[in-house]
Structures are given as structure tokens and as C-alpha cells.
Amino acid sequence: MEIKSITDFKSNKVKIDAEGVTFALYKSDLKKYDIKEGELEEDIFNEIMTEILPKRALDRSLKIITGRDMTEGMIKDKLREDLYPGDIIDSVIERLKQERLINDERFIRGFIEGKSSKKSKRDIMVALSSKRVDMNLAERIYAELSEEGCLSDEKELIIKLLEKRHYDFEKADFEDKQRQIRYLLGKGFSYDSIHSALKD
């Protein structure tokens, strides 16, 4: 296995570009395994790929999820930032799923339930997309929760928001009404829900 280049990556790590793969090691590993640009012994490379990096990737993942719920995509992004190879990342993700340490469906369900009393569906979905989840799965779970009656009614949420903005449903003039409509549309509420709330 040929090491093409070794460059600084972080304060205590280096980025190693080898044939067909890029990864990071601690600077102390270079001395320990006598790694330098040029040919690397196959048994050392195999040890790095099958033992050292998988263990470190798993340890890193466990630190990431400690005390908070994370999605597969979020963990993958973190591991990619640390230059772990794709096959090692996939293996770690699979193990975390098997041990039920991560579960995107559980994450999505909890996220939607926690936000539905404050956010519109659109805002919730935008936020979920930043969490790197399968949006088809998110849409399905949202629909299921809605059918189960677990979500706040958008119309009621709109009314509460308008009351906080001291909107007078009886005395508001046309301009004030249009201003509130623009505000609510910007918050991601559907025009039908807005119209229904203002009509009442």
C-alpha cells in the first residue's frame, strides 16, 4: 500500500492520502507504526483499517450521542469530518442501530411531537431536513401522528400566535389582516389554515 501524502489535519492528527482511501491518524501513530510517505506494509495497513479506525470511529460515535438523540445522517457527517472511510462509517452505524443506540424513526417522532405545539408543519420539516433524515419517512410519520391526534391543530396554533401579537379579530382592518397573513405564511402555515383562523 502506497502512502501518497501526509499532511497536518488537526493539532494532534494528520491526514493520510493512500491508494483509494483517505483517513486520519494521531501524530503519535506515525512514529508507533513507522508510517511515512511511500510504501506501507500491508499488515500494518490492514490493522489500521480493521482494528484501529473501526474502534476509534465507534468510540467517537458513542461520545457524539452521549446525552442526546442523534440521527444516522448527523453521526455520518461527524465521522466524515474526522476522515473515517465510508465502509467503516457504515459498519459503525449498523452496530449502533443493532444496539438501538440510534433510531431515526424514534428521533423523528419525538422531534415532531416536541415542536408541533409551536411550529408549522413546514418549519418542522425544514428543521428535520437539517437533521439529515429521510424526508419521506418524516412525512409518513407526520401523517401518522396527525391521524392519531397527537399533533396540535394548526388553526389553534395560529390563533394563539395572533393573540400573542395582540391581534384584534373583531376590529382589525384590511391592512392589519394582510400583515398578519404575510407573517403567518412566512411561518410556514397554509393559507387555508390561516383563512380559517382569521374567519373565526
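Structural remarks
- Neighbour-limited loop hits for GluC sites (Glu not before Pro), the stretch 1-91 (at most 11 other Cβ within 10 Å; DSSP other than H, G, I, E, B): Glu19
- Residues in the stretch 118-124 carry Karplus couplings, in order, of 10, 10, 6, 4, 4, 5, 5 Hz; the curve used is 6.51 cos²θ - 1.76 cosθ + 1.60 with θ = phi - 60°, and Gly or Pro positions show x.
- Each residue of the stretch 40-49 was assigned a 3J(HN,Hα) from its phi angle through the Karplus expression (A = 6.51, B = -1.76, C = 1.60, θ = phi - 60°), giving 10, 4, 4, 5, 5, 4, 5, 5, 4, 7 Hz with x at Gly and Pro.
- Counting only alpha carbon atoms, the long axis of helix 53-65 and the longest principal axis of the chain meet at about 30°.
- Contact order relative to length of the chain, as percent, for alpha carbon pairs under 8 angstrom and 6 or more apart: 15
- 3J(HN,Hα) from dihedral phi, the stretch 180-191, Karplus parametrisation 6.51/-1.76/1.60, rounded to Hz, x for glycine, proline: 5, 4, 4, 4, 5, 4, x, 7, x, 7, 6, 5
- Whole-number D in µm²/s for the stretch 52-200 (Stokes-Einstein; Kirkwood sum over Cα pairs; 4 °C, 1.567 mPa s): 73
- Based on C-alpha pairs under 8 angstrom that are at least 6 apart in sequence, the stretch 1-108 has a relative contact order of 23 percent.
- Sequence-distant residues sharing a close amide H with Ala18 (under 5 Å, placed H): Lys4, Phe23
- Extent along the principal axes, Cα only, for the stretch 121-200: 44, 25, 19 Å, with the longest axis given first.
- Stretched out straight at 0.36 nm per residue, the stretch from Ser11 to Asp29 would grow longer than its current Cα-Cα span by 5.1 nm.
- Sequence-distant lysines (8 or more away, or on other chains) whose Cα lies within less than 22 Å of Lys15: Lys4, Lys27, Lys31, Lys32, Lys36, Lys55, Lys63, Lys76, Lys78
- Taking 18 Å as the straight-line reach from the Cα of Lys199, the lysines in range (excluding those fewer than 8 positions away in the same chain) are Lys155, Lys160, Lys164, Lys171, Lys177.
- Summary of the geometry: the stretch 32-56 and the stretch 169-183, compared by the centres of their Cα atoms, lie 67 Å apart.
- One chain, two ends: Ser91 and Ile52. Fully extended at 0.36 nm per residue, the span grows by 12.7 nm beyond their Cα-Cα distance.
- Note on Arg80 and Arg140: the model spin-label points, each 7 Å out from Cα along the C-beta direction, lie 2.3 nm apart.
- Between Glu19 and Glu42, full extension at 0.36 nm per residue minus the direct alpha carbon distance yields a gain of 7.1 nm.
Computed from the coordinates by the stated procedures, all read-outs in this text should not be read as laboratory data. Quick caveat: nothing in here was measured; it's all calculated off a predicted structure. Glycine gets a Cβ as well: all are built from the backbone with ideal geometry, and neighbour counts include every protein chain shown.
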